[in-house]
Amino acid sequence: MLPTPHIESKNKDEIAKTVLMPGDPLRAKFIADTFLEDVKQFNKVRNVLGYTGTYKGKRISVMASGMGMPSIGIYSYELYKFYGVENIIRIGSCGGYTPDVKLYDVILAKDAWSESSFAKVQGGYDSDVIEGTPALNEQLKKYAEELNIPMHIERIHSSDVFYRENFGEYKEIYDKHGCVAVEMEAFALFHNAKVTGKKAACILTVSDNLATKEETTSEERQNAFTNMMKIALEMAE
Ligand code: HPA
């Protein structure tokens, strides 16, 4: 069954048991170049770059998810099901729904609420909330504490739509469902972990805030993401 339609590695040993997943392929490359040693690239199909290396002597992989639930749905499923990956940690950006989450704050997604049909279509899952794997969340919480990096632990919104005609709808989603921020992938990742019996978590950096209208530049974002990456990289094993 290897390679898969979207990952060209023919050998599952080329991919570590734990994979960090940013949305952006160039961020995957940046993480590999900046933080990992003994790096070997295992994917470049569609420019969805994937690398395996070591962090503090422990093995870890990093591969992009692309944007949105259909995209992360494909890559996470192939990694879990065909490459023997056990843990996927999404590391992404999000838009805050409340002034309580400030630009550059780090959020651990306890669970994700979504109006997406992904989980229902994929596996007949009926609820609109799926949680990240508690054991991974506990580990990430511990690493954040050890690194002295404050981290919110909250429900997030996984949305299929970046540009909504009704911009103000986020207020309702915050009030009704308690989502403090929006991104576009966690719900599908959490679902795929559930159906394959694997583990998933999602940590996010706030890159903009819908309530306060603050935004970051791409350069500022790069620096701020270092905090989140440091927490996630501790998952190497
Ligand atoms: N919407 C969806 N995803 C995002 C956003 C947003 O405003 N900001 C960062 N990721």
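The values are calculated or read from the model by the stated rules, or taken from the named source; none is laboratory data. From a predicted model like this one, the values you see are computed outputs, not experimental measurements. Every residue, glycine as well, gets a Cβ built from its backbone with ideal geometry; the counts of neighbours run over all protein chains shown. The protein model used for the area step is the full one, side chains on, heavy atoms only, and it has no ligands, DNA or RNA in it. Shrake-Rupley method; radii C 1.70, N 1.55, O 1.52, S 1.80 Å.
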| task | Using only the alpha carbons, work out the radius of gyration and Dmax of the chain in angstrom. | result | 16.6, 49
| message | With a 1.4 Å probe and all protein chains kept in place, how do Thr18, Thr212 rank by accessible area, largest first? | response | Thr212, Thr18
| Which whole-angstrom value gives the distance between the alpha carbon centres of segment 198-237 and segment 24-73? | 16 Å
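Quick one: with all protein chains in place, what share of the accessible area of the chain is carbon or sulfur, to the nearest percent (1.4 Å probe)? Could you put the intermediate results ahead of the total?
Values: 5450 of 10970 Å².
On the chain, the fraction of accessible area on carbon and sulfur atoms equals 50 percent.
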| With r defined as the distance between the Cβ atoms of Lys81 and Lys58 and R0 fixed at 30 Å, what FRET efficiency is calculated, to the nearest 0.05? | 0.80
| field | Entries of Lys120/Lys198; Lys44/Lys110; Lys40/Lys230; Lys12/Lys198 with Cα pairs more than 22 Å apart | value | Lys44/Lys110
| query | So for the pair Thr226, Val45, with labels modelled 7 Å out along Cα→Cβ, what separation do we get in nm? | reply | 3.5 nm
| request: Let me know the charge dipole size of the chain about its Cα centre in debye, to the nearest 20, where only the beta-carbon of Lys, Arg (+1) and Asp, Glu (-1) is charged. | output: 780 debye
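Counting helices only, and only those DSSP H runs with n ≥ 4, report the 222 nm mean residue ellipticity of the chain as the sum of -39,500 (n - 2.57) divided by its residues, in deg cm²/dmol to the nearest 500.
Values: 7 runs with 80 residues, N = 237.
About -10500 deg cm²/dmol.
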| field | Dipole of the chain, positive direction: furthest Cα of Ile203, Ala119, Thr4, with charges on the beta-carbon | value | Thr4
| query | What nm distance separates the two modelled labels at Glu131 and Ala211, each placed 7 Å from Cα along Cα→Cβ? | reply | 2.4 nm
| Rounded accessible area per residue of segment 111-161, 1.4 Å, Å² | 53 Å²
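Let me know the shape class of segment 194-237, please: from the alpha-carbon gyration tensor, a ≥ b ≥ c as square roots of the eigenvalues, rounded when a/c is under 1.5, otherwise prolate if a/b is greater than b/c, or oblate.
Values: a/c = 4.08, a/b = 1.69, b/c = 2.41.
Since a/c reaches 1.5 but b/c is at least a/b, the shape of segment 194-237 is classed as oblate.
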| message | Going 7 Å from the Cα of His177 along its beta-carbon direction, which residues of segment 81-113 have the amide nitrogen within less than 13 Å of the resulting point? | response | 97, 111-113
| field | Set of segment 2-46 residues, backbone N closer than 19 Å to the point 7 Å along the Cα-Cβ line of Ser218 | value | 22-34
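Suppose R0 equals 25 Å. What FRET efficiency, 1/(1 + (r/R0)^6) with r the Cβ-Cβ distance, do Glu37 and Asp13 give to the nearest 0.05? Kindly include the intermediate steps, with their values, before the conclusion.
Values: r = 18 Å, r/R0 = 0.72.
The value I calculate is 0.90.
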